[in-house]
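Just so you know, all these numbers are worked out from the coordinates, no wet-lab data involved. This one's a predicted model, so the numbers in the text were calculated from it and none came from an experiment. In this analysis, Cβ positions are derived from the backbone assuming ideal geometry, glycine residues included, and neighbour counts consider all displayed protein chains.
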Amino acid sequence: MRSGELRHRVTIQAKGITQNGFGEPVETWSDVATVWASVQPLSGREYFQAQQVKAGITLRVRMRYRSGIQPAMRLLFESRVFEIQAVIDPDERHRELELLCAEKVE
């Protein structure tokens, strides 16, 4: 992987559970790392939610290898949130990671 290909800044976040003032569990997200990556859109699709059409996109994100990245995490790119669907270590050589991510549409 050449460093010139890594021209996008992405932030990887992990989910945590805390409690609010009433003792109820609250989902929180904390930054794990902000890294340089290559972001490539793969496909688009439409969602029908609440009688509105919303567009969702799937990305392939390539970055240098980093241990501990899991599908339960999410990725922030520009002003959008992407759920990590798969974490792939090509050739199992621990040189790079490919993350397949789907845009979170609410």
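Label zone (residue 87, point 7 Å along Cα-to-C-beta; backbone nitrogen cut-off 20 Å) within the range 29-44: 29-40.
Each principal axis of the Cα cloud of the range 3-103 was taken in turn, and the coordinate range along them, longest first, works out to 47, 34, 22 Å. Restricting the GluC sites (Glu not before Pro) of the range 58-94 to loop positions (DSSP other than H, G, I, E, B) with no more than 13 neighbouring Cβ atoms within 10 Å leaves 78. If you filter the range 54-106 for chymotrypsin sites (Phe, Trp or Tyr not before Pro), then keep DSSP loop positions with at most 15 other Cβ within 10 Å, what is left? Those satisfying the criteria are 65.
Annotation: extensible slack from residue 40 through residue 76 equals 11.6 nm (criterion: 0.36 nm per residue apart, minus Cα-Cα distance).
Free of any trypsin sites (Lys or Arg not before Pro) that DSSP assigns to a loop and that have at most 12 other C-beta atoms within 10 Å, the longest stretch within the chain is 8-92.
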